[in-house]
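Just passing along the structure, written as structure tokens.
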């Protein structure tokens with residue numbers, strides 16, 4: 001059973017492992033700095049489907065299938081599946097994996113979905129509820145734009161502080177024992193609402209939650225930023241990342257700049273594309289964690305990563321009703 005450390009953190013005794021993982025991305029994501037890291041790059045982001053939603057489901061299914069193969073297990077071996085996406089009722093996930101017949105728990109945490117999935121998968125494996133668990137998520141630029149902003153045909157212009165929803169999916173197989181990357185502890189963050197009402201400015205909305213989660217975890221575990229090779233956020237982008245570093249310095253006199261990285265800044269080349277403030281969406285951090293980060297952990301190039309996923313908890317309706325973005 002996990003041991004509670006401090007107020008919010010659970011530390012694992014047996015340390016479940018990530019036995020396999022995979023990520024797939026769209027053409028634009030494949031052209032970014034990490035293009036050589038992904039298991040599949042789609043040249044056509046319709047993926048042969050007739051709708052963007054079906055394309056996202058196909059991408060989600062592909063990532064899960066590849067992750068299962070990398071862990072040398074089949075869908076019939078899976079005791080629990082934790083997955084979600086940005087679409088209503090998590091249809092990107094449900095339609096993608098429905099034929100795999102895995103016991104399924106749908107998650108909605110927006111950009112935090114991969115972190116949530118890994119957290120719950122590890123908790124299930126540590127407590128003996130399950131032996132083999134899959135965590136997966138996806139997002140698609142076109143399906144997300146249609147639901148949350150404007151259809152692509154409208155040609156809507158994004159402000160410079162906006163982030164681009166990644167066309168990507170990632171999946172990981174977590175097992176209660178065996179070889180793989182160990183998950184040592186989990187913290188579930190609290191909701192922070194600082195009254196940001198611009199649905200394009202998600203980095204500013206999410207940065208305070210990332211800040212509080214990092215503060216709580218460092219306190220609970222009695223650790224310092226320099227104890228980690230990387231404090232990886234997903235996905236704050238340029239605006240949110242700069243705000244996070246400023247908030248931590250103001251509130252705690254803590255400087256994470258030497259070890260901080262953000263998936264929204266890693267996925268695209270901000271200097272040579274129309275990405276504005278960086279990447280976002282469930283698939284952004286999922287694709288990076290399930291490829292680039294896992295490979296470097298397995299190779300021993302990095303040994304300790306604190307992965308902090310945050311999500312802007314808005315719907316297509318709440319900004320129109322004048323609500324803020326928790």
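The values are calculated or read from the model by the stated rules, or taken from the named source; none is laboratory data. For clarity, every value in this text was computed on a predicted model and none was experimentally measured. Here the Cβ positions follow ideal geometry from the backbone for every residue, glycine too, while neighbour counts run over all protein chains shown.
Please state which one of 101, 126 is more than 30 Å from residue 277 (Cα to Cα) and out of contact with any strand residue (DSSP E or B) (no Cβ under 9 Å at 6 or more places or on another chain). Give the derivation first.
Numbers: 126 fails: out of contact with any strand residue (DSSP E or B) (no Cβ under 9 Å at 6 or more places or on another chain).
Only one candidate passes the filter, namely 101.
Here's the yes/no breakdown for (1) in contact with a strand residue (DSSP E or B) (Cβ under 6 Å, 6 or more places away or on another chain); (2) farther than 22 Å from residue 56 by Cβ:
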| residue | (1), (2) |
| --- | --- |
| 233 | yes, yes |
| 245 | no, yes |
| 260 | yes, yes |
| 286 | yes, no |
| 297 | yes, yes |
| 301 | no, yes |
| 317 | no, no |
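Can you confirm whether the stretch 150-164 contains a residue that is in a loop (DSSP other than H, G, I, E, B), surrounded by fewer than 22 Cβ atoms within 10 Å (Cβ to Cβ) and at pLDDT 95 or above?
Looking through the stretch 150-164, none of the residues is in a loop (DSSP other than H, G, I, E, B), surrounded by fewer than 22 Cβ atoms within 10 Å (Cβ to Cβ) and at pLDDT 95 or above.
Ok, one more. Could you figure out which of (1) outside any strand (DSSP E or B); (2) surrounded by 17 or more Cβ atoms within 10 Å (Cβ to Cβ); (3) touching a residue at least 40 places away in the same chain (Cβ under 8 Å) isn't true of residue 195?
(2)
Test of understanding: among 224, 175, which residue is touching a strand residue (DSSP E or B) at 6+ places or on another chain (Cβ under 6 Å) and modelled with pLDDT of 95 or more? Show your work before the answer.
Numbers: 224 fails: touching a strand residue (DSSP E or B) at 6+ places or on another chain (Cβ under 6 Å).
Unique residue meeting the criteria: 175.
Right, something else. Could you name every one of the strands (runs of 3 or more DSSP E) located completely within the stretch 1-92 that has at least 1 residues being more than 17 Å from the chain's Cα centre (by Cα) and more than 18 Å from residue 104 (Cα to Cα)?
The strands (runs of 3 or more DSSP E) meeting that bar are 3-5, 9-11, 17-25.
Residue 130 versus (1) in a helix (DSSP H, G or I); (2) surrounded by fewer than 24 Cβ atoms within 10 Å (Cβ to Cβ): which is the lone unmet condition?
With respect to (1) in a helix (DSSP H, G or I); (2) surrounded by fewer than 24 Cβ atoms within 10 Å (Cβ to Cβ), residue 130 is out only on (1).
Can you tell me which residue among 71, 55, 22 is at pLDDT 95 or above, out of contact with any helix residue (DSSP H, G or I) (no Cβ under 7 Å at 6 or more places or on another chain) and within 13 Å of residue 290 (Cβ to Cβ)?
Every option except 71 fails the conditions.
Output the residue which, of all residues in the stretch 314-326 that are without any contact (Cβ under 8 Å) to a residue 60 or more places away in the chain and either in a helix (DSSP H, G or I) or touching a helix residue (DSSP H, G or I) at 6+ places or on another chain (Cβ under 6 Å) (or both), is farthest from residue 22 (Cα to Cα).
Among those residues, the one meeting the criterion is 321.
Further question: Would you confirm whether or not the stretch 173-180 contains a residue that is under 23 Å from residue 260 (Cα atoms) and part of a loop (DSSP other than H, G, I, E, B)?
Scanning the stretch 173-180, I find no residue that is under 23 Å from residue 260 (Cα atoms) and part of a loop (DSSP other than H, G, I, E, B), so the answer is no.
Regarding the stretch 108-117, can at least one residue be identified that is assigned to a loop (DSSP other than H, G, I, E, B), modelled with pLDDT under 95 and touching a helix residue (DSSP H, G or I) at 6+ places or on another chain (Cβ under 7 Å)?
The answer is yes, given that some residue of the stretch 108-117 is assigned to a loop (DSSP other than H, G, I, E, B), modelled with pLDDT under 95 and touching a helix residue (DSSP H, G or I) at 6+ places or on another chain (Cβ under 7 Å).
I'd like to check something: does the stretch 178-192 contain any residue that is in contact (Cβ under 8 Å) with a residue 12 or more places away in the chain, more than 22 Å from residue 293 (Cβ to Cβ) and touching a strand residue (DSSP E or B) at 6+ places or on another chain (Cβ under 6 Å)?
Checked against the condition, which is being in contact (Cβ under 8 Å) with a residue 12 or more places away in the chain, more than 22 Å from residue 293 (Cβ to Cβ) and touching a strand residue (DSSP E or B) at 6+ places or on another chain (Cβ under 6 Å), the stretch 178-192 yields no hits at all.
Let me ask another. Can you name the number of the only condition in (1) in contact with a helix residue (DSSP H, G or I) (Cβ under 6 Å, 6 or more places away or on another chain); (2) closer than 20 Å to residue 284 by Cβ that residue 230 fails?
With respect to (1) in contact with a helix residue (DSSP H, G or I) (Cβ under 6 Å, 6 or more places away or on another chain); (2) closer than 20 Å to residue 284 by Cβ, residue 230 is out only on (1).
Quick one: which of 219, 242 is in a helix (DSSP H, G or I), more than 15 Å from the chain's Cα centre (by Cα) and farther than 30 Å from residue 145 by Cβ?
On inspection, the qualifying residue turns out to be 219.
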